[in-house]
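A.B. asks: Could you have a look at this structure, given as structure tokens, before my questions?
The values are calculated or read from the model by the stated rules, or taken from the named source; none is laboratory data. Here the structure is a predicted model, which means the values were calculated and not measured. For neighbour counting, all protein chains shown are included, and Cβ atoms are generated from backbone atoms with ideal geometry for every residue, glycine included.
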Amino acid sequence: MRPQKFHGRYPSEGRQCAAPGCSEPGEYRAPGSEGPSFDGPGDWRWLCLDHVREFNAGYDWFEGMTADEILAAQSPIAGWERETRAFRPGAGAMPRWADFDDPLDAIGARASEIRGRAQARQASREQAARFTAREREALSVMGLGLQADRAELRKRYSVLVRRYHPDRNGGDRSHEALLQRVVEAYQLLRGAAAFA
Ligand SMILES: [Zn+2]
């Protein structure tokens, strides 16, 4: 086996570079139209060295992110800072390939991980804003998340009432205080704007 100069090199196994009109072997992989995400590993396109370099130079790792998300992505996070420096647009130098076992994998995965986290934070803020502080407390009494809908609220209430009601527990009143909290939480949440 030939020594592999670049860690990101894969035997082409007959694959041809995906760049239009290029007939070089496709030995380097780059994120495809659906890059890796929380939904799965994504797909890849196979490129020759020249074209993977071109691809990497023009790839916008922050595509689709807001200014705040980009700022968050650039804050010091272990393992990310060095990579950001190496790939900063306009830095002039080629990426330091030797720094990474598999540069495209490492950077692509990290970028979508950070993007995914920023999106999750944003979604969580939006969900939290649906409820008042008292309503959020009531949700936690009922063991419901911020994404709960009206159907889920009703379903959980009926489960908890059955679980804690003395009539359903052979007259055992040990859960009475808990049942009372659940009833109060439900009464509050039933009238919540988020469940209207
Ligand atoms: Zn090529």
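A.B. asks: Answer yes or no: is there a residue in segment 132-155 that is farther than 20 Å from residue 181 by Cβ and more than 24 Å from the chain's Cα centre (by Cα).
C.D. replies: yes
A.B. asks: Name every residue in segment 170-188 that is more than 21 Å from residue 134 (Cα to Cα) and touching a helix residue (DSSP H, G or I) at 6+ places or on another chain (Cβ under 8 Å), in order of residue number.
C.D. replies: Within segment 170-188, 172, 173, 175, 176 meet the criteria.
A.B. asks: Right, next: Hey, among the residues in segment 110-131 that are assigned to a loop (DSSP other than H, G, I, E, B) and touching a residue at least 24 places away in the same chain (Cβ under 8 Å), which one's nearest to residue 182 (Cα to Cα)?
C.D. replies: Among them, the one singled out is 131.
A.B. asks: Related question: Tell me which residues, restricted to segment 16-32, are touching a strand residue (DSSP E or B) at 6+ places or on another chain (Cβ under 7 Å) and either surrounded by fewer than 20 Cβ atoms within 10 Å (Cβ to Cβ) or at pLDDT 80 or above (or both).
C.D. replies: 16, 17, 18, 19, 23, 25, 26, 27, 28, 32
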